[in-house]
Each structure stands twice: as C-alpha cells, then as structure tokens.
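Here the structure is laid out as structure tokens; the discussion comes afterwards.
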Amino acid sequence: MAGLLGERPVVIPTGDGLRLEGLFSRPAGQALGAALVLHPHPLYGGNMHNNVVQALCDGALAAGWAVLRINFRGVGGSTGQHDQGRGEREDARAALDWLRREVPGPLALMGYSFGARVASLAAADLGELAAGVLVAPALVLGELGAWPEEAGPLLVVAGDRDQFTSQFGLRDYVAGLGAHASLKNLTGADHFLIGRESELATLTKQWLTQPPQVEKM
C-alpha cells in the first residue's frame, strides 16, 4: 500500500532497549497537534501499512495534524518479538514520547483492532491526551482499558458485522464513559473495513478538527 506523501522513516528507541520502525509525516504549514496510530495484530499479518491504519493517518493529516505510525516490536524492521500487548504498551509510550519532542502541542492516540486495545490499555500511562479514536477494537482479545477521565474525547468506530468484537460490549464501554465518548456504527461493515477507508478518514478528520456529537448506537 502506498504511504502518505512526505512520510519519512524514523527509528524510535524503547525503554526496554528495542528499536521501533516508524513513518512520520507533517501537514503543510504548522501542525495543530500530533497523532500516534497503532496497527492490528502482528500474528495475523498486522503492520503499519494496513489499510485502516493508513485511513486514520490520512484523516489526521487532513485535519492538520502530524502523524506517526509504528511497527510494534517484532514487526517489519522493529526489533524484539510480539508480547501479547504487554511490551506493545511500552512501544506506544516510547512513540508518544518521541512525538512530544518532535511536535509541541496536543496529542491524539488512535488504533485499529489489536492496536485499539493496546491504545486503550496504554492511555493511562501516556499523560495528557487531547483525543482518541479506537477502530474495531478486538474484544475477542479481552476488555478495553478505561479511557482516562482527564483525557480528551474518545471516538469508537466499528462495523455492525464485525466478526471480532461485540456491539453490545462496545455500547457498554462507551456508556460507561458517559459524555466523554461516542460510538459510531458503520452499517454493513465487517472487521476489515474494506471499501470504508474514505469514510473512516473523514470521521477522523472531523473528530480531530472538532469532536462532533456522534450518535450513540
């Protein structure tokens, strides 16, 4: 899959001695903030070149945000090995620390599938976050972490035909966060969101520009 225009490769050290492969891009003009995007499950072919990851990057960049996507440990050019979400939380911390140094301003955390679950679990460790987007969180892997009360608003997006999550589970999760979170249901979409990339990019752009009142399903 083609990358974003102007993306440049970066290498990010982790606190436990690994080196993560990433791609970083800036919008034209001054960035309004910076977003980190986390990819789906490495053991099922997930990496930073995934179609949904790229749609999230496209949306953030269109909103005027700088974007960093990384390969988790053991994926592509990243050293180490898959750690069932534990070490991947350290990957998210290291990547967000790198972004803080590179782009002053608000930070957003976004993820797809396994990456959405890692994002939710890592959010409490990452300090101040201006916004979040979790796409098709894979609830078959376990519960999501609680989105921090002090963080900015959270958008959860999932297809109503998703094979690896539960609409009831997502509704309960979002309801538990009250006005802090919204759920967007994509009618007819499954877990892989093929053909829905433009729609997802638009939702992401809108969310990072000004969080809308998304209908709670």
Near pairs, Cβ below 9 angstrom, 6+ apart or cross-chain, from the stretch 6-21 (exposed (fewer than 12 other Cβ atoms within 10 Å of the Cβ)) to any residue that is polar (S, T, N, Q) and in a loop (DSSP other than H, G, I, E, B): Gly17/Thr79
Condition check for Val174: assigned to a helix (DSSP H, G or I) and not basic (Lys, Arg): yes
Asn50, sole failed condition from (1) in contact (Cβ under 8 Å) with a residue 60 or more places away in the chain; (2) within 19 Å of Leu126 (Cβ to Cβ): (2)
Selection within the stretch 121-133 - over 9 Å from the mean Cα position of the chain (by Cα) and either part of a strand (DSSP E or B) or of a type in the set (Ser, Thr, Tyr) (or both): Ala131
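Just to check your reading of the model, which residue among Gly115, Gly105 is outside any strand (DSSP E or B) and at pLDDT below 95? Don't jump to the end; show me each part of the working.
Numbers: Gly115 fails: at pLDDT below 95.
After applying the criteria, what remains is Gly105.
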Given (1) touching a Leu at 6+ places or on another chain (Cβ under 7 Å); (2) crowded, with 24+ Cβ neighbours inside 10 Å; (3) at positive phi, index of the condition Ala92 fails: (3)
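Restricting the stretch 136-152 to residues that are more than 24 Å from Gly105 (Cα to Cα) and free of Cβ contacts under 8 Å to residues at least 60 places away in the same chain, which is surrounded by the most Cβ atoms within 10 Å (Cβ to Cβ)? Walk me through it before giving the result.
Initial filter on the stretch 136-152 (more than 24 Å from Gly105 (Cα to Cα)): 136-145.
Retained after the next criterion (residues that are free of Cβ contacts under 8 Å to residues at least 60 places away in the same chain): 137, 139-140, 142-145.
Numbers: Pro137: 30, Leu139: 20, Val140: 14, Gly142: 12, Glu143: 12, Leu144: 23, Gly145: 17.
Only one residue tops the list, namely Pro137.
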Among (1) farther than 18 Å from Gln54 by Cβ; (2) of a type in the set (Asp, Glu); (3) touching a helix residue (DSSP H, G or I) at 6+ places or on another chain (Cβ under 7 Å), the one test that Glu143 misses: (3)
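So that you can scan it fast, the table gives a plain yes or no per residue for (1) farther than 23 Å from His49 by Cβ; (2) without any contact (Cβ under 8 Å) to a residue 12 or more places away in the chain; (3) of a type outside the set (D, E, K, R); (4) touching a helix residue (DSSP H, G or I) at 6+ places or on another chain (Cβ under 8 Å):
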site	(1), (2), (3), (4)
Trp65	no, no, yes, yes
Gly74	no, no, yes, yes
Leu134	no, no, yes, yes
Leu154	yes, no, yes, yes
Asp160	yes, no, no, yes
Per-region count, the stretch 162-195, residues in contact (Cβ under 8 Å) with a residue 60 or more places away in the chain and either buried (at least 20 other Cβ atoms within 10 Å of the Cβ) or touching a Cys at 6+ places or on another chain (Cβ under 9 Å) (or both): 2
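Being modelled with pLDDT under 95 and more than 23 Å from Leu99 (Cβ to Cβ) narrows it down to one residue among Ala158, Ala179, Ala124, Ala175; which is it?
On the way: Ala158 fails: modelled with pLDDT under 95; Ala124 fails: more than 23 Å from Leu99 (Cβ to Cβ); Ala175 fails: modelled with pLDDT under 95.
Just one listed residue meets the conditions, Ala179.
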Which numbered condition His191 misses (of (1) within 21 Å of Ala35 (Cβ to Cβ); (2) modelled with pLDDT of 95 or more): (1)
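The values are calculated or read from the model by the stated rules, or taken from the named source; none is laboratory data. All of these numbers come straight from a predicted model, not from anything done at the bench. We place every Cβ from the backbone using ideal geometry, glycine too, and count neighbours over all the protein chains shown.
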